[in-house]
1. Scan the stretch 44-60 and give yes if some residue there is surrounded by 10 or more Cβ atoms within 10 Å (Cβ to Cβ) and either in contact (Cβ under 8 Å) with a residue 24 or more places away in the chain or part of a helix (DSSP H, G or I) (or both), otherwise no.
2. Examine the stretch 64-79 for a residue that is at pLDDT 85 or above, exposed (fewer than 10 other Cβ atoms within 10 Å of the Cβ), part of a loop (DSSP other than H, G, I, E, B) and out of contact with any helix residue (DSSP H, G or I) (no Cβ under 9 Å at 6 or more places or on another chain), and state whether such a residue exists.
3. Name the pairs whose Cβ atoms lie under 9 Å apart, with the first residue in the stretch 21-34 and at negative phi, the second in a helix (DSSP H, G or I), and 6 or more positions between them or separate chains?
4. Going by the conditions given, is residue 19 closer than 30 Å to residue 7 by Cβ and in contact with a strand residue (DSSP E or B) (Cβ under 6 Å, 6 or more places away or on another chain)?
């Protein structure tokens with residue numbers, strides 16, 4: 001992990017929150033990971049309910065599904081409650 005300042009002003013970097021960490025992998029480890037993924041990809045199957053970290057899936061898919069669920073429960077006169085979790089690190 002390598003800490004990088006979030007702002008271009010280096011003099012203000014005083015706390016951990018002023019930095020973001022990035023991971024720099026060696027080329028050999030990346031080649032190894034791709035070889036493993038190619039060989040075992042059929043075993044790494046994610047649920048249809050998972051939207052994060054999947055190819056060709058984005059926020060618009062989540063929003064579409066949430067709206068459909070809300071409309072379904074509203075049309076059928078069911079009560080509904082939605083809970084969201086806000087992570088401090090995300091902006």
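The values are calculated or read from the model by the stated rules, or taken from the named source; none is laboratory data. Quick caveat, the model's predicted, so the values are computed rather than measured. Here the Cβ is made from the backbone with ideal geometry for all residues, glycine too, and neighbour counts use every protein chain on show.
1. no
2. Among the residues of the stretch 64-79, at least one is at pLDDT 85 or above, exposed (fewer than 10 other Cβ atoms within 10 Å of the Cβ), part of a loop (DSSP other than H, G, I, E, B) and out of contact with any helix residue (DSSP H, G or I) (no Cβ under 9 Å at 6 or more places or on another chain), which makes the answer yes.
3. Once the first residue is at negative phi and sits in the stretch 21-34, its partners that are in a helix (DSSP H, G or I) give 25/33.
4. When the stated conditions are applied, residue 19 passes them.
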